[in-house]
Amino acid sequence: MNQIFNKLGKFINSWTGTIIIVLCVIFFVAQAFVIPSGSMLNTMLIGDNLFVKKYSYGIPTPTIPWIEIKVLPDFNNNGHLFEGDRPKRGDIVIFRYPLEPKIHYVKRNIGISGDEILYTKEGLWVAFASDNPYTEDSSKTLIYKGKTYFYEPYAKKHPGIHYENIPFNAFVQLQSYLQSGHKIGMEPITLDNGELAFHTKIKEDEFFMMGDNRNNSNDSRFWGSVPYRYVVGKPWFIYLSWDSDFNIRWERIGKTIESLETQKTP
């Protein structure tokens, strides 16, 4: 038995053993990720360096980081070596950008299979396909084709959600894309009051992802919902954070995403 442990210890301390262990951690447990843009303000900040929990929604098919070469085939044809739970409504999710899968995005899941989404000049409205506690967190509703849509049902539990009109306004951008013939992720519709809005019903095993910085986020409104095959994992905790002047934000280091969700970052 001692000989086995001695051999194991030597293997772990070798370059080969170290590389294999590091790759196994990256493939199956956690991977580093940097927040590059302000789409998740005010929950996550530009310069937040965090670890992604890769087993939250199953184990994604392993790929070598940076060069994004698959180590194993996609045996299940769903992007996962082992299938797992699906993202829940309100979860912040790391996923592959459907139009360019080598790029990773981070957004909040605001709708699951069967949910219907409306986006108006006022903002986000959700009609849930099943009972959901978020319906009690919205003070405004809208009726469209007999269904009740709740206005920004996630904003109460997730105070980082906000509408900042600088430098862009998402509704105006959607209108502009529509007028120019650019393909978008939602269908233009006319509400009972004659106003333009955008609507979609989420397909089976897909998820509608949006940034908390509603007016400054390239997300499912523009390119559609995200299939499970592209889901990678869930943010875990911040191991380093710096601002635009490379000053370290000490107060954010070691914080889990759940703890940051309870506060609104100015």
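The values are calculated or read from the model by the stated rules, or taken from the named source; none is laboratory data. Computed from a prediction, not measured in an experiment: that's the story for all the values here. Reconstructed Cβ throughout: ideal geometry from the backbone, glycine too, with neighbour counts over all protein chains shown. Note: areas computed on protein heavy atoms with side chains; ligands, DNA, RNA excluded. Shrake-Rupley method; radii C 1.70, N 1.55, O 1.52, S 1.80 Å.
Within the range 63-70, does at least one residue satisfy the condition of being touching a strand residue (DSSP E or B) at 6+ places or on another chain (Cβ under 6 Å), at pLDDT 95 or above and surrounded by 18 or more Cβ atoms within 10 Å (Cβ to Cβ)?
no
Those residues that are open to solvent by 10 Å² or more (accessible area, probe 1.4 Å) and within 16 Å of G38 (Cα to Cα), I need them from the range 227-245; list them, please.
Across the range 227-245, the qualifying residues are W242, D243, S244, D245.
Determine if the range 218-226 includes at least one residue that is touching a Pro at 6+ places or on another chain (Cβ under 7 Å) and surrounded by 22 or more Cβ atoms within 10 Å (Cβ to Cβ).
yes
Select, from I184, I166, I143, the only residue that is part of a loop (DSSP other than H, G, I, E, B), among the hydrophobic types (A, V, I, L, M, F, W, C) and open to solvent by 40 Å² or more (accessible area, probe 1.4 Å).
Every option except I166 fails the conditions.
Just a yes or no: is a residue in the range 73-89 outside any loop (DSSP other than H, G, I, E, B) and under 25 Å from N169 (Cβ atoms)?
Scanning the range 73-89 turns up no residue that is outside any loop (DSSP other than H, G, I, E, B) and under 25 Å from N169 (Cβ atoms).
Can you tell me which residues in the range 19-60 are surrounded by fewer than 19 Cβ atoms within 10 Å (Cβ to Cβ) and modelled with pLDDT under 90?
Answer for the range 19-60, where residues must be surrounded by fewer than 19 Cβ atoms within 10 Å (Cβ to Cβ) and modelled with pLDDT under 90: I19, I20, I21, V22, L23, C24, V25, I26, F28, V29, A30, A32.
Just one of (1) at pLDDT below 95; (2) closer than 19 Å to V226 by Cβ trips up Y119, so point out which.
(1)
Among the residues of the range 151-158, is there at least one that is out of contact with any helix residue (DSSP H, G or I) (no Cβ under 9 Å at 6 or more places or on another chain), modelled with pLDDT of 95 or more and either assigned to a loop (DSSP other than H, G, I, E, B) or not charged (D, E, K, R) (or both)?
yes
Name every residue in the range 98-132 that is in contact with a strand residue (DSSP E or B) (Cβ under 7 Å, 6 or more places away or on another chain) and of a type in the set (S, T, Y), in order of residue number.
Y105, S113, Y119, T120
Being in contact (Cβ under 8 Å) with a residue 60 or more places away in the chain and of a type in the set (A, V, I, L, M, F, W, C) is the filter here; which residues of the range 99-124 pass it?
L99, V106, I110, I112, I117, L118, L124, listed by residue number.
Is it fair to say F208 is open to solvent by 40 Å² or more (accessible area, probe 1.4 Å) and either in contact with a Leu (Cβ under 8 Å, 6 or more places away or on another chain) or outside any loop (DSSP other than H, G, I, E, B) (or both)?
Spelling it out, it is not the case that F208 is open to solvent by 40 Å² or more (accessible area, probe 1.4 Å) and either in contact with a Leu (Cβ under 8 Å, 6 or more places away or on another chain) or outside any loop (DSSP other than H, G, I, E, B) (or both).
Here's a check for you: in the range 187-205, which residue that is in a loop (DSSP other than H, G, I, E, B) and more than 22 Å from the chain's Cα centre (by Cα) is surrounded by the fewest Cβ atoms within 10 Å (Cβ to Cβ)?
G194
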